[in-house]
Amino acid sequence: MLTAERHSIIIQLLNEKHSIKIQDIIKATAASESTIRRDLTDLEAQGKLVRIHGGAILPERKLQEFSLKEKSTKNLQEKTKIAQLAACLVDEGDCLFIDAGTTTLQLIPYLKDKDIVVVTNGLSHVEALIKHGIPTYITGGHIKAKTGALIGAQTVQSISNYRFDKCFLGVNGFHIELGYTTPDPEEAMVKKTAHRHALQTFVLADHSKKNKVSFAKIISLQEAALLTDKLSLEEIEQFEKQTTLKVADK
């Protein structure tokens with residue numbers, strides 16, 4: 001079978017199933033495993049798929065971004081578990097950066113009895129922080145209407161004036177090779193700046209963000225601890241080779 005024919009079969013299988021395993025492709029093409037792995041590498045380089053451990057998935061639209069309202073109810077239970085796990089990492093006297101985002105928003109109620117100070121670029125976070133009596137500083141910057149995040153040069157400059165014990169970031173995707181990503185380069189720069197000014201960085205991302213890749217890279221996987229949920233034992237082993245991993249339902 002010609003290479004083009006195998007590629008066509010792989011893409012057809014992906015369009016039908018959205019994710020496929022290498023063994024599925026071998027069965028459909030009668031090709032060797034090494035040949036299929038080369039095919040997947042070639043197709044990933046063309047942007048037609050994203051390789052994952054043992055197979056491949058269709059790439060998402062890299063610029064696609066849902067609104068705060070659309071994201072707020074998605075995987076809420078999982079986000080809450082991750083937030084509870086994150087709260088256990090906060091010590092008395094910590095200075096924190098809490099990034100804009102729906103998972104980081106769930107963290108706030110679990111911080112109400114701690115002696116801490118918070119800096120945030122999330123407009124939706126401010127009311128919750130005030131409600132729970134947490135001393136808060138908000139960055140300046142341009143308001144991104146879709147997500148309620150403050151972004152831009154003023155935001156970056158504002159964050160640069162602080163030093164954080166811990167930084168809690170939200171992302172649109174995490175990938176073992178391509179790291180943490182988000183659709184908006186300006187938002188990526190805000191997150192990266194907060195990370196650079198923190199002693200420790202934690203990324204809060206539920207399992208739906210796994211193997212997703214957006215347009216703008218924030219940082220590499222190894223640069224932050226990953227707090228997530230619902231990983232298989234094989235995936236846990238894979239990610240633990242690359243970074244500090246904490247799984248909410250482990």
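Considering only the range 198-231, state which residues are among the charged types (D, E, K, R), touching a residue at least 40 places away in the same chain (Cβ under 8 Å) and surrounded by 19 or more Cβ atoms within 10 Å (Cβ to Cβ).
Answer for the range 198-231, where residues must be among the charged types (D, E, K, R), touching a residue at least 40 places away in the same chain (Cβ under 8 Å) and surrounded by 19 or more Cβ atoms within 10 Å (Cβ to Cβ): Asp206, Lys212, Asp229.
On the basis of being without any contact (Cβ under 8 Å) to a residue 40 or more places away in the chain, touching a helix residue (DSSP H, G or I) at 6+ places or on another chain (Cβ under 8 Å) and closer than 26 Å to Ser232 by Cα, does Ile25 make the cut? It would help to see each step written out before you state the result.
Details: without any contact (Cβ under 8 Å) to a residue 40 or more places away in the chain: yes; touching a helix residue (DSSP H, G or I) at 6+ places or on another chain (Cβ under 8 Å): yes; closer than 26 Å to Ser232 by Cα: yes.
So Ile25 fits the description; yes.
Between a residue in the range 7-19 that is at positive phi and without any contact (Cβ under 8 Å) to a residue 60 or more places away in the chain and any residue that is open to solvent by less than 60 Å² (accessible area, probe 1.4 Å) and assigned to a helix (DSSP H, G or I), which pairs come within a Cβ distance under 8 Å, given they are 6 or more apart or on different chains?
none
Report, by residue number, each residue of the range 147-197 that is modelled with pLDDT under 95 and over 14 Å from the mean Cα position of the chain (by Cα).
Selection gives Thr147, Gly148, Pro185.
Scan the range 221-229 and tell me whether some residue there is touching a Leu at 6+ places or on another chain (Cβ under 8 Å), at pLDDT 95 or above, β-branched (Val, Ile, Thr) and under 17 Å from Gly101 (Cβ atoms).
Yes, because at least one residue in the range 221-229 is touching a Leu at 6+ places or on another chain (Cβ under 8 Å), at pLDDT 95 or above, β-branched (Val, Ile, Thr) and under 17 Å from Gly101 (Cβ atoms).
Of all residues in the range 1-19 being more than 24 Å from Glu235 (Cα to Cα) and in contact with an Asp or Glu (Cβ under 8 Å, 6 or more places away or on another chain), which is surrounded by the fewest Cβ atoms within 10 Å (Cβ to Cβ)?
Among residues in the range 1-19 that are more than 24 Å from Glu235 (Cα to Cα) and in contact with an Asp or Glu (Cβ under 8 Å, 6 or more places away or on another chain), the one surrounded by the fewest Cβ atoms within 10 Å (Cβ to Cβ) is Thr3.
Conditions: (1) over 19 Å from Lys81 (Cβ atoms); (2) over 23 Å from the mean Cα position of the chain (by Cα); (3) touching a residue at least 12 places away in the same chain (Cβ under 8 Å). Lys131 meets all but one. Number of the miss?
(3)
For the range 20-48, which positions are surrounded by 16 or more Cβ atoms within 10 Å (Cβ to Cβ), under 28 Å from the mean Cα position of the chain (by Cα) and outside any helix (DSSP H, G or I)?
Residues satisfying the conditions are Ile20, Lys48.
Being open to solvent by less than 10 Å² (accessible area, probe 1.4 Å) and within 23 Å of Thr182 (Cα to Cα) is the filter here, so list the residues in the range 119-138 that pass it.
Of everything in the range 119-138, those that are open to solvent by less than 10 Å² (accessible area, probe 1.4 Å) and within 23 Å of Thr182 (Cα to Cα) turn out to be Val119, Thr120, Asn121, Gly122, His125.
Only one residue in His195, His142, His175 is touching a helix residue (DSSP H, G or I) at 6+ places or on another chain (Cβ under 9 Å), of a type outside the set (A, V, I, L, M, F, W, C) and open to solvent by less than 10 Å² (accessible area, probe 1.4 Å). Which one? Even if it seems obvious, please write down each step before you answer.
Details: His195 fails: open to solvent by less than 10 Å² (accessible area, probe 1.4 Å); His142 fails: open to solvent by less than 10 Å² (accessible area, probe 1.4 Å).
Only one candidate passes the filter, namely His175.
The values are calculated or read from the model by the stated rules, or taken from the named source; none is laboratory data. Owing to the predicted nature of the structure, the values given are computational and were not obtained by experimental measurement. Cβ coordinates were reconstructed from backbone atoms using ideal geometry, including for glycine residues, and neighbour counts include every protein chain displayed. The area values use the complete protein model at the heavy-atom level, side chains included, leaving out ligands, DNA and RNA. Shrake-Rupley method; radii C 1.70, N 1.55, O 1.52, S 1.80 Å.
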